[in-house]
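One structure is given here, and the rest of the page talks about it.
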Amino acid sequence: MTLADLPNLGERSAQMLEAAGITTRSQLEEAGPVRAFLAVKQAGTKPSMNLLWAIAGCLRDTHWTRLPPHYKEQLRAELHELTSGGQRPP
């Protein structure tokens, strides 16, 4: 199964993740949604927040539009912490 076959991730999302070195679901799980999103950004792509939601939904086995608002806010806070705190994703 390729990344493009996973729920919420289409061909373009899979290409962005693969360009960032994330090629399997287990690598996606290990990175988590925020670090995977940041890896895509560091690879030179300018993803929208929809990619973050798509990854999070994929890992929760739910459609990204059904992510609870509090979970999205948690992801935003983590993203802000990692980008403003000087920390880099692994």
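Overview of values
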item: Pick from the stretch 54-78, criterion touching a Phe, Trp or Tyr at 6+ places or on another chain (Cβ under 7 Å) and in contact (Cβ under 8 Å) with a residue 40 or more places away in the chain, ranking: surrounded by the fewest Cβ atoms within 10 Å (Cβ to Cβ); result: 64
item: Helices (runs of 4 or more DSSP H) completely within the chain that count 3 or more residues being of a type in the set (A, V, I, L, M) and under 10 Å from the mean Cα position of the chain (by Cα); result: 25-42, 49-59
item: Residues of the stretch 1-40 satisfying the condition of being surrounded by fewer than 16 Cβ atoms within 10 Å (Cβ to Cβ) and among the basic types (Lys, Arg); result: 12
item: Cβ pairs under 8 Å, 6+ apart, first in the stretch 1-28 and under 13 Å from residue 59 (Cβ atoms), second basic (Lys, Arg) and assigned to a helix (DSSP H, G or I); result: 3/25; 6/25
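Bear in mind these aren't lab numbers, they're just calculated from the coordinates by the rules spelled out. These numbers come from a predicted model, not from an experiment. Note: ideal-geometry Cβ built from the backbone for every residue, glycine included; neighbour counts use all protein chains shown.
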